[in-house]
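Participant: Structure in structure tokens, see below.
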Amino acid sequence: MIVTKKSASEPDAPQVRRTRAASDRELGNLFKQLASLLRAGASPADAHDRVGFRIRHRGLREACAEIAKATSEGKPASEIMARYVDLFPPHVVGMVRAAEYGGFLPDAYELLSQRFNERASINAWFYFVRWISYQGLVGIAVVVAATSAFWKAFHAGGNFIGFFVQDL
């Protein structure tokens, strides 16, 4: 086994921060507010600091505070976002990193906001479809049980209602 010594110029491995995942709606609102503040002329550090105080989600609040501190020191926001694996998916980190280097951070935040809000709308619609599907499955189970009980009670003869209720 060969052990190599780490040089002083190599960066440390990022410390992963585990938090509760944020909803698509929360992420959409976060990026919308950040895009608005950046378009209004706020610095990334100031924008993340201001938005961080308004967020209810504890993990997002911590991430915004850490991003504000890092960006005030000249570090990229994407570096901090990469640590919060439960909050920011890899495509978000990549897009923010590209926007930081390309100089279109407000546009990237606006696009991320639109995408997360669209996903939240689609998920809300599918929630309704899932609910209807579950109701249908319960209905099918009740109909099958009632039909079976009816069939047995009909062929048992005598007290039809008694056999039906007992079998059901």
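The values are calculated or read from the model by the stated rules, or taken from the named source; none is laboratory data. Treat the numbers as computed from the prediction; the structure is a model and nothing was measured. In this analysis, Cβ positions are derived from the backbone assuming ideal geometry, glycine residues included, and neighbour counts consider all displayed protein chains. Side chains are part of the model used for accessible areas, which takes the heavy atoms of the whole protein and leaves out ligands, DNA and RNA. Shrake-Rupley method; radii C 1.70, N 1.55, O 1.52, S 1.80 Å.
Participant: Just to be sure I understand, how many residues within segment 17-41 are charged (D, E, K, R) and part of a helix (DSSP H, G or I)? Spell out the reasoning first.
Facilitator: Of all residues in segment 17-41, those charged (D, E, K, R) come to 17-18, 20, 24-26, 32, 39.
Subsequent filtering for residues that are part of a helix (DSSP H, G or I) retains 24-26, 32, 39.
Counting residues in segment 17-41 that are charged (D, E, K, R) and part of a helix (DSSP H, G or I) gives 5.
Participant: Restricting attention to segment 15-41, which residues are open to solvent by less than 60 Å² (accessible area, probe 1.4 Å), more than 16 Å from the chain's Cα centre (by Cα) and in contact (Cβ under 8 Å) with a residue 60 or more places away in the chain?
Facilitator: If the condition is that a residue be open to solvent by less than 60 Å² (accessible area, probe 1.4 Å), more than 16 Å from the chain's Cα centre (by Cα) and in contact (Cβ under 8 Å) with a residue 60 or more places away in the chain, then Leu34, Ala35, Leu38 are the ones that fit.
Participant: So, one more: Only one of (1) in contact (Cβ under 8 Å) with a residue 12 or more places away in the chain; (2) more than 19 Å from Arg20 (Cβ to Cβ); (3) not polar (S, T, N, Q) fails for Arg83. Which number is that?
Facilitator: The number of the failed condition is (2).
Participant: In the list Arg18, Arg50, Arg83, which residue meets the criterion of being modelled with pLDDT under 90 and over 20 Å from Ala120 (Cβ atoms)? Before the answer, list the steps.
Facilitator: Working: Arg50 fails: modelled with pLDDT under 90; Arg83 fails: modelled with pLDDT under 90.
Result: Arg18 is the single residue among Arg18, Arg50, Arg83 that is modelled with pLDDT under 90 and over 20 Å from Ala120 (Cβ atoms).
Participant: Restricting to segment 27-51, give me the number of residues that are in contact with a helix residue (DSSP H, G or I) (Cβ under 7 Å, 6 or more places away or on another chain), farther than 14 Å from Thr71 by Cα and of a type outside the set (A, V, I, L, M, F, W, C).
Facilitator: Going through segment 27-51 one residue at a time, the tally reaches 4.
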